[in-house]
Amino acid sequence: MWPANPRELGKEVPIGKGKVDFPRIIERQRQLNYRGAVTIEREISGPQQVADVRDAKTTYLENLIG
């Protein structure tokens, strides 16, 4: 998320909960015939990190990528 204060970093949120237009990015990658890896990062640690990455993969990105 964009920072409210320009001297601070924005809030990091799970994929699909922020401002990034992932459907548009994935579509553009298709147009460019991109065949490389897709990496998911979550800047927290512990069980919530694992759950968020798993959720991003199975319920969000797999639906976009197919």
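All of the numbers you see were taken from the coordinates with simple rules; none came from a lab. Worth saying up front: this structure is predicted, and the values here are computed from it rather than measured. All Cβ positions, even for glycine, are placed from backbone atoms using ideal geometry, and neighbour counts span all protein chains on display.
Quick look at the values:
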item	result
Neighbour-limited loop hits for trypsin sites (Lys or Arg not before Pro), segment 1-59 (at most 14 other Cβ within 10 Å; DSSP other than H, G, I, E, B)	Arg7, Lys11, Lys17, Lys19, Arg35
Thr58, Thr39 arranged by Cβ crowding within 10 Å, fewest neighbours leading	Thr39, Thr58
Length gained when the stretch Lys17-Ile40 is fully extended (0.36 nm per residue, less Cα-Cα span)	6.9 nm
Rounded to 10°, Cα long-axis angle of helix 22-31 versus longest principal axis of the chain	30 degrees
Residue-averaged 222 nm ellipticity for the chain, from DSSP H runs of 4+ at -39500 (n - 2.57), nearest 500	-9000 deg cm²/dmol
Simple spin-label estimate for Val53 and Glu27 in nanometres, 7 Å along Cα-Cβ	3.0 nm
